[in-house]
1. Treat every Asp and Glu Cβ in the chain as -1 and every Lys and Arg Cβ as +1, leave all other atoms uncharged, and give the resulting dipole magnitude about the Cα centre to the nearest 20 debye.
2. How far apart, in nanometres, would the label points at ALA97 and VAL112 be if each is projected 7 angstrom from Cα along the Cα-to-Cβ direction?
3. Based on the alpha-carbon gyration tensor of segment 92-181, what equivalent-ellipsoid semi-axes (square roots of 5 times the eigenvalues) come out, in whole Å, largest first?
4. So what is the relative contact order for the chain, in percent, with contacts set as C-alpha pairs under 8 Å and at least six apart?
5. What is the P(r) of segment 1-43, as percent of Cα-Cα pairs per 5 Å bin from 0?
6. In whole Å and largest first, what semi-axes does the C-alpha gyration tensor of segment 1-98 yield when each eigenvalue is scaled by 5 and square-rooted?
7. How many percent of the accessible area of segment 67-157 is carbon or sulfur, using a 1.4 Å probe?
8. Can you list the lysines whose alpha carbon sits under 22 Å from that of LYS48, skipping same-chain ones fewer than 8 residues off?
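The values are calculated or read from the model by the stated rules, or taken from the named source; none is laboratory data. Just so it is clear, the model here is predicted, and its values are computed rather than measured. Cβ sites come from the backbone with ideal geometry, for glycine too, and all protein chains shown count toward neighbours. Please note that ligands, DNA and RNA were not included when accessible areas were found on the heavy atoms of the full protein model with its side chains. Shrake-Rupley method; radii C 1.70, N 1.55, O 1.52, S 1.80 Å.
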Amino acid sequence: MPRPRYTRTAIVLHGVMALLIVTGFCLGLSMADLPLSPLKLRLFSYHKWIGVSVWGLLLLRILWRIKHAPPPLPAGMAAWEQTAAHAGHLLLYVLMAVIPISGWLMSSAQGVTTVYLGLWPLPDLLAKNEALGRLLLALHRILNYALLGAVILHVAAALKHHFIDRDGVLVRMFRLTGAAE
C-alpha cells in the first residue's frame, strides 16, 4: 500500500521557500558587515526581494494547505512527538510570516523604502525613526536566528524519522514521482 504524500504543489512550495530562506539568511549574514558600497546596497535589495517573495509564497502555501490537508503522521508516533511536530510547523509558519514584516518595518523606520524587484515600491509602514530602526534590526536578527534554530530542529526531526524510525515521514516530502496534484 503506498504511503500518503504531500502534493506536488506543496513539495515545490516547500523546496522553493527553503531555498529562498537559506539564501536570504546567508545573504543577510554576509552583507551585514560590508562597508557601505554599491555592492552592499544591491545585496540589501536582493535580501529584501527574497523576504517579500517568501512572504508572498507563504500566503500561497497557507491557501494551498487550507484546501489540501497534509498526509497524516505515522500511526505509531508518540503523542508528544505529534504535538512537537505540529508546534514546530506552526513556529516555522509564524516566523516565515513575521520575519519579512519585521524587515519591512525596520527598513521603513530606517527611512529606506523597499522596492520589490526594483519595480514596485512598497509603502513605508512607519515614519523614519533611527532608534526604532535599531530596535527593529535587533528584533529581525533575533527572529532570523530563531528561524535558523527551528529549521535545524525540523531537519533533525526529519532525518531522525528517516534513519532511526524509518517511518517514511521524510519520503512524503522528497519523492516527487507519483505525488498527487
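1. Values: 16 positive and 7 negative charges, 67 e Å.
In total the dipole reaches around 320 debye.
2. Simple spin-label model gives 2.7 nm for this pair.
3. Working: eigenvalues 283, 62, 10 Å².
Here the semi-axes work out to 38, 18, 7 Å.
4. Values: 165 pairs, mean separation 53.3, N = 181.
It comes to 29 percent, rounded to a whole number.
5. 5, 20, 16, 14, 11, 10, 9, 7, 4, 3, 2, 0
6. Working: eigenvalues 227, 45, 25 Å².
They are 34, 15, 11 Å, listed from largest to smallest.
7. Values: 4070 of 5560 Å².
For segment 67-157, the apolar C and S fraction of the accessible surface comes to 73 percent.
8. LYS48 reaches LYS40, LYS128.
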